[in-house]
1. For a quick check of your reading of the model, give me the residue pairs whose first member lies in the range 221-241 and is closer than 13 Å to Asp138 by Cβ, whose second is basic (Lys, Arg) and assigned to a helix (DSSP H, G or I), with beta-carbon atoms closer than 7 Å and at least 6 apart or on different chains.
2. Of the residues that make up the range 268-290, is at least one among the acidic types (Asp, Glu) and within 23 Å of Leu23 (Cβ to Cβ)?
3. So if I check each of Ile166, Ile230, Ile179, Ile189, which one is assigned to a helix (DSSP H, G or I), surrounded by fewer than 16 Cβ atoms within 10 Å (Cβ to Cβ) and modelled with pLDDT under 75?
4. May I ask you to list the residues in the range 100-134 that are small (Gly, Ala, Ser) and modelled with pLDDT under 80?
5. From Phe293, Phe282, grab the single residue that is under 23 Å from Gln43 (Cα atoms) and under 13 Å from the mean Cα position of the chain (by Cα).
6. Among the residues of the range 25-33, is there at least one that is among the small types (Gly, Ala, Ser), surrounded by 12 or more Cβ atoms within 10 Å (Cβ to Cβ), within 26 Å of Leu102 (Cβ to Cβ) and at pLDDT 60 or above?
7. Out of the residues in the range 241-262 meeting the condition of being part of a helix (DSSP H, G or I) and of a type in the set (Gly, Ala, Ser), tell me which one is farthest from Ile287 (Cα to Cα).
8. Which of the following residues is over 16 Å from the mean Cα position of the chain (by Cα) and either under 17 Å from Arg297 (Cβ atoms) or buried (at least 18 other Cβ atoms within 10 Å of the Cβ) (or both): Arg40, Arg73?
Amino acid sequence: MKFWLKERGAGARKWRWLWSVILAIIFSALTIWLSFRGIRLVQLKQAFRGVNYIWILLATGNSLLTVYALGWRWRQLLNPRARLSLGALFRLNILAQYANILAPARLGELLRLYLTSKESRAEAGFVLGTMAAERILDVVVFVTGALFLSSYFALRSEISLPLSLILGAAGLAGLVVLITFKPALFITILAKALFFLPQKWRRPLLDFVQKGLEAFVYFKSPGRTIFILILTLLLILSQALTNYLVFLAFNLKLSFIAAVMIILAIQAGSLPPAAPGKIGVFEYAVILTLSLFSLPREQALSYALMLHVVVYLPKIVLGGFYLARLPAGSALKGNLKTG
């Protein structure tokens, strides 16, 4: 009987995985079609002819610098229980992003958890908590950014950009203070906000957030809390700078606000399942964003394709290099190569 239940559970997981792959393929195929629909190839080629590749190189370097800064923020969460150099954290983040680009089911987070626990000899539960804290910070910034942009576009005739930034930063700081000093209250509020989710989804999500909140105990110092917030905001600005540098490469007269909006659109587009590398989904998210600024579709698509290469290709190359240096017997290494 137990064997039958075990086999039935494994079969159910296999079918869920198969359906997720099918949905990912369908979703990516749909977004590829939407991205290229009505595109005139002559104008698309023309858009690429005018690219200034000096800006592309700068954007590529800044994209990798953003990964380095990501390791700097993560180091604050890991200290003092797990001490790793910034170079090691850069390598671990590159490997995780490489795996997430090429493999399904967010395998990169599992790889990062395993390698970090092994190299730092810290408890896996603690490392998982710091990773959850990173996601919480990112979600908080994402929500704050979305609210800021919506209010800015709705009220830009009545409210200045500096005041909007101050209000957005104040809201972000208030939420992080709540998470740091009143984690139980935050969990209670979050549980009520997620009332619409089935219990089987809500409970694991709340457990994951609870684990992440444990990492915030090191930021009850106002100075450290401010520092981690500044690092998080700098990460967003660094990602936006990559987008803006590619604007300059294509000689597009778009604002830094547009570069920030592209980040939010790509993050929102990464929620549904998609083919490896978010092919199609990435491009369509960028095209939809740039349509708000009345940019012709051919220019928007050429920009999206180039940005996709700038953001993903260096991580694939470096990730492959770091993967080759993993121990030959690593099971995760084998899974990545076959995945």
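The values are calculated or read from the model by the stated rules, or taken from the named source; none is laboratory data. Values in this document were obtained by computation on a predicted structure and should not be read as measured data. Counting neighbours? That spans all protein chains shown, and the Cβs are built from the backbone with ideal geometry, glycine included.
1. Partner pairs satisfying both residue conditions: Ile228/Arg73; Leu231/Arg73; Thr232/Arg73; Leu235/Arg73.
2. Step one: of the range 268-290, the residues among the acidic types (Asp, Glu) are 283.
Imposing the further condition that a residue be within 23 Å of Leu23 (Cβ to Cβ) reduces the set to 283.
So far as the range 268-290 goes, yes, one or more of its residues are among the acidic types (Asp, Glu) and within 23 Å of Leu23 (Cβ to Cβ).
3. Details: Ile230 fails: modelled with pLDDT under 75; Ile179 fails: surrounded by fewer than 16 Cβ atoms within 10 Å (Cβ to Cβ); Ile189 fails: modelled with pLDDT under 75.
One residue alone meets the criteria, Ile166.
4. Listed by number, the residues that qualify are Ala103, Ala105, Ala122, Ala124, Gly125, Gly129, Ala132, Ala133.
5. Values: Phe293 fails: under 13 Å from the mean Cα position of the chain (by Cα).
Just a single option satisfies the conditions, and that option is Phe282.
6. We begin by selecting, within the range 25-33, every residue among the small types (Gly, Ala, Ser); these are 28-29.
If we keep only those that are surrounded by 12 or more Cβ atoms within 10 Å (Cβ to Cβ) too, we end up with 28-29.
Keeping just the survivors that are within 26 Å of Leu102 (Cβ to Cβ) gives 28-29.
Filter again for at pLDDT 60 or above, leaving 28-29.
The answer is yes; a qualifying residue exists.
7. Ala249
8. Details: Arg73 fails: over 16 Å from the mean Cα position of the chain (by Cα).
Of the residues listed, the single one that is over 16 Å from the mean Cα position of the chain (by Cα) and either under 17 Å from Arg297 (Cβ atoms) or buried (at least 18 other Cβ atoms within 10 Å of the Cβ) (or both) is Arg40.
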